[in-house]
Amino acid sequence: MKTQVKICGLTSAADAEIMNELRPDYAGIVLFYPKSKRNQTLLQAEEILKALRPEIRPIAVVVSPTGEQLRQIAALPFFAIQIHGALSDALLKDCPLPVFRAFQASELPLFPAYRKNPKIIGYVFDAAEPGSGKSFDWNKLLKLPRDEKLWMLAGGLTPENVAEAISFVHPDVVDVSSGVERDDAPGKDRKKASAFLKAVKNATP
C-alpha cells in the first residue's frame, strides 16, 4: 500500500487550490485553537472546504475540544476530526465524526487505551509541539503494536527527510504542515508541497 499524504494547516482558498492541483489524500484545517497561527474560524473553514476538491478528505484539527465544538465541526463536510490534548471517554463516545487520536511523544503510554475503540480510525504521532516543525525520536514508535487503524506520522517532516521517515517508521500516512509553508507570507508553498509529494511517491516503505 502506498504511503498517503496529509497536508495540514490550510488557511485560505488559495491553499485549497494548491491541494487541488497536487492531490494529497487529506487536508487539515485547524479550528478552535487561537494559539496557532493557522487557526481558522468556522466561516473561514467553510470557504476552504468549498474550494477543495471532494476526493481530498478534509480533517478538522482541534485541541481539547468541547462537545459543542465537535457538533459545530460536524455541521461542515469534514471527513474526520483529529483530536490533540484532552479527550474524555464520554466526549469520544458522543463525537459525531470518526476520530484520528493524536499523541505527543510523551503521551504514548496512553496509546493502548484507544486501540479497540471503534470511533478511532487512526492515530497521529506528533512532536511535543504540534505545528512547530520539530521532529521527535521515531524509535519510540517501533515498540507499539500495529493494527488495522491508520498510522499517521507528523512532526518536523519535510521534503528532505520524509523518505527516511517512511523507511524507518512505515506509516500509512505522513502529515506535513510547516515543512511546506511559504517563507515570505502565510500559506502553503506549491514547490515545497510538490517536492514533498514527489519524495513520498519515490520513498521505499
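For region 68-122, a tally of residues being part of a loop (DSSP other than H, G, I, E, B) and among the basic types (Lys, Arg) returns 3.
If you go through region 1-39 and keep only what is surrounded by 17 or more Cβ atoms within 10 Å (Cβ to Cβ), more than 15 Å from the chain's Cα centre (by Cα) and either under 21 Å from Arg71 (Cα atoms) or not aliphatic (A, V, I, L, M) (or both), you end up with Asp15, Phe32. Only one entry in Leu110, Leu144, Leu197 is within 23 Å of Ile48 (Cβ to Cβ) and among the aliphatic types (A, V, I, L, M), namely Leu197. Can you find even one residue in region 160-168 that is under 18 Å from the mean Cα position of the chain (by Cα) and of a type outside the set (A, V, I, L, M, F, W, C)? Yes: region 160-168 contains one or more residues that are under 18 Å from the mean Cα position of the chain (by Cα) and of a type outside the set (A, V, I, L, M, F, W, C). Looking only at residues in region 139-153 that are touching a Lys or Arg at 6+ places or on another chain (Cβ under 8 Å) and assigned to a loop (DSSP other than H, G, I, E, B), the one that is surrounded by the fewest Cβ atoms within 10 Å (Cβ to Cβ) is Pro145.
Which is modelled with pLDDT of 95 or more, out of contact with any strand residue (DSSP E or B) (no Cβ under 6 Å at 6 or more places or on another chain) and outside any helix (DSSP H, G or I), of Glu21, Glu55? From the options Glu21, Glu55, the qualifying one is Glu55. Do we have Ala60 as crowded, with 21+ Cβ neighbours inside 10 Å and either touching a His at 6+ places or on another chain (Cβ under 6 Å) or of a type in the set (Asp, Glu) (or both) here? So Ala60 fails the test. Residues in region 30-69 that are more than 18 Å from Ala16 (Cβ to Cβ), in contact with a helix residue (DSSP H, G or I) (Cβ under 9 Å, 6 or more places away or on another chain) and among the charged types (D, E, K, R): there are none.
The values are calculated or read from the model by the stated rules, or taken from the named source; none is laboratory data. What you see is a predicted model, and the numbers here were worked out from it, not measured in a lab. All Cβ positions, glycine included, derive from the backbone under ideal geometry; neighbour counts span all protein chains shown.
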